[in-house]
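Below: the structure, in structure tokens.
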Amino acid sequence: MKFKQSEVQNQRIERITTSHLVVGIDMAKETHVAQVTNYRGIVLTNRHLSFSNTMEGFEKLQRWMEAIQQKHRLSSVIIGMEPTGHYWWNLANWLTHKGLQVVLVNPATTKRNKENRDNCQSKSDPKDALVIADVVSRGYYYEHTKQTHVFQRLRTLMSDREFWVTNSVRLQNRIIRWLDIRFPEYSSVFKDWTCKRSMATLKELPTPQDLAGRSIPEIIAIWRKHMQRAGGSTGTQKAAELIAYAKRSVGDVTALTEAKQDFVRLIAEFERITDMLGDIEKQLHALLEEIPVAVQLRSIKGLGPIFVAAILAGAGDLRQYEHGRQLLRKAGLNLA
């Protein structure tokens, strides 16, 4: 069944009734702040609630909400929070496990609505919690659903991969910087410095001084330690180019011993991270085989396994969405 965007929005507003307690929570590392309104956005308490990011704090929040529900005779509760950082994750899962309805609000939405209540740009934790509650009362949220075990594993793997890819990029940039300073002509020989022949060179003969006194057969013999097809016309040509460029290199030669020690560490770390990313991708391939919708997505031309894993890690099971606009709303997008 398909819905237009306005129809999906209206359905959300209709879910919040006169019997609802609307809770907005501003998340932090150690202490969260909660504020409550009714379905019309009217504040129901004189003071906000501050509670710690511990089991005792979570139970304090639950008792506080139950007391307000009882006082105002509200039978339902909806709890909103921003999914910023990772501080919200444990509380959202704990509340969901308790059978309470948890919804998420796009941070851009709360930022745009900050001045609506008091015509003021001021910012504080209680005000942010109230703005979140107000946004939820007007239906601008999406549901938080705890994913099945296989999607949680996928999300964890993709988060892990993203971290190591970022580190790999930073490391590659530093290696390229090192070559630009010590052997700027190197890229004229190897356009891709990560290829096998290049990596063998960087491990054994990274500086022009290491190469300038070598012969072509000597360089090819060194390459054979790291690869099978080291010689041939291509190998001979590359070795000759390296020697020629090394003899007239303008690379910096100061503190060369220390620089080479640094480079050895950089190359070793790059290879370690590359191997690690290879292992993660193998796990991702195996995990995608367990997800039926992933098999369907991979049949689409242009969607490789990493793209599919990224989509499912962020969106979860696509079968939970009734319309594509729900997924766009979750991503905070309005594509045209």
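The values are calculated or read from the model by the stated rules, or taken from the named source; none is laboratory data. If you're wondering where the values come from, they're calculated on a predicted model, not measured in any experiment. Cβ: placed from backbone, ideal geometry, glycine included. Neighbour counts: every protein chain shown. Surface areas here come from the heavy atoms of the whole protein model, side chains and all, with no ligands, DNA or RNA. Shrake-Rupley method; radii C 1.70, N 1.55, O 1.52, S 1.80 Å.
For the stretch 265-336, the convex hull drawn through the C-alpha positions has a volume of 135 cubic angstrom per residue. For the chain, excluding the exposed loop sites themselves (GluC sites (Glu not before Pro), DSSP loop, at most 14 other Cβ atoms within 10 Å), the longest remaining stretch covers 116-288.
Rank Gly316, Ala244, Thr54 by how far each Cα sits towards the positive end of the charge dipole of the chain (+1 on Lys, Arg Cβ; -1 on Asp, Glu Cβ) and give me just the farthest. Sorting the options by dipole projection puts first Gly316. Rounded to the nearest 5, the antiparallel percentage of DSSP beta bridges internal to the chain is 55%. Annotation: amide H of Val103 within the under-5 Å range of Ile79, Gly80, Met81, His144, sequence separation 5 or more or interchain, hydrogens built in the peptide plane. Of the residues Ser198, Ser187, Ser233, the one with the largest accessible area comes first in the ranking Ser233, Ser187, Ser198, computed with a 1.4 Å probe on protein heavy atoms.
Within the assembled protein chains, the solvent-accessible surface assigned to Val293 is about 10 Å², based on a 1.4 Å probe.
The Kirkwood hydrodynamic radius of the stretch 145-253, based on inverse pair distances between different Cα atoms, is 15.9 Å. Just so you know, the Rg over Rh for the chain is 1.17, from Cα atoms, with Rh as the Kirkwood radius.
Compute the Cα gyration tensor for the stretch 185-241, then decide on rounded, prolate or oblate, letting a ≥ b ≥ c be the square roots of its eigenvalues: rounded whenever a/c is under 1.5, prolate when a/b is larger than b/c in the other cases, and oblate in all that remain.
Rounded.
Comparing the stretch 146-191 with the 2.2 N^0.38 Å rule of thumb, its C-alpha radius of gyration ratio is 1.89 (two decimals). Pairs with C-alpha atoms separated by more than 23 Å, drawn from the list Lys196/Lys225; Lys301/Lys330; Lys71/Lys330; Lys191/Lys238; Lys29/Lys71, are Lys301/Lys330; Lys71/Lys330; Lys29/Lys71. Leu154 contributes an accessible area of around 0 Å² to the protein surface, as traced by a 1.4 Å probe with all chains present. Under the simplified labelling scheme, the Thr274-Thr156 pair shows an inter-label distance of 2.9 nm, with each label point 7 Å from Cα along Cα→Cβ. Solvent exposure of Thr194, expressed as accessible area, is near 50 Å², computed with a probe of 1.4 Å over the protein chains only. Here the stretch 215-299 is treated as a Stokes sphere of Kirkwood radius computed over C-alpha pairs; at 25 °C and 0.890 mPa s its diffusion coefficient rounds to 144 µm²/s.
Over the chain, Cα pairs under 8 Å with separation of 6+ residues give a relative contact order of 18 percent. Put simply, the C-alpha atoms of the stretch 33-185 give a gyration tensor, and the ellipsoid matching it has half-axes of 40, 21, 13 Å, longest first.
For His32, His48, give the ranking by accessible area with the largest first, probe 1.4 Å.
His48, His32
Annotation note: trypsin sites (Lys or Arg not before Pro) in the stretch 233-336 located in DSSP loop regions with a Cβ neighbour count of at most 11 within 10 Å are Arg248, Lys301.
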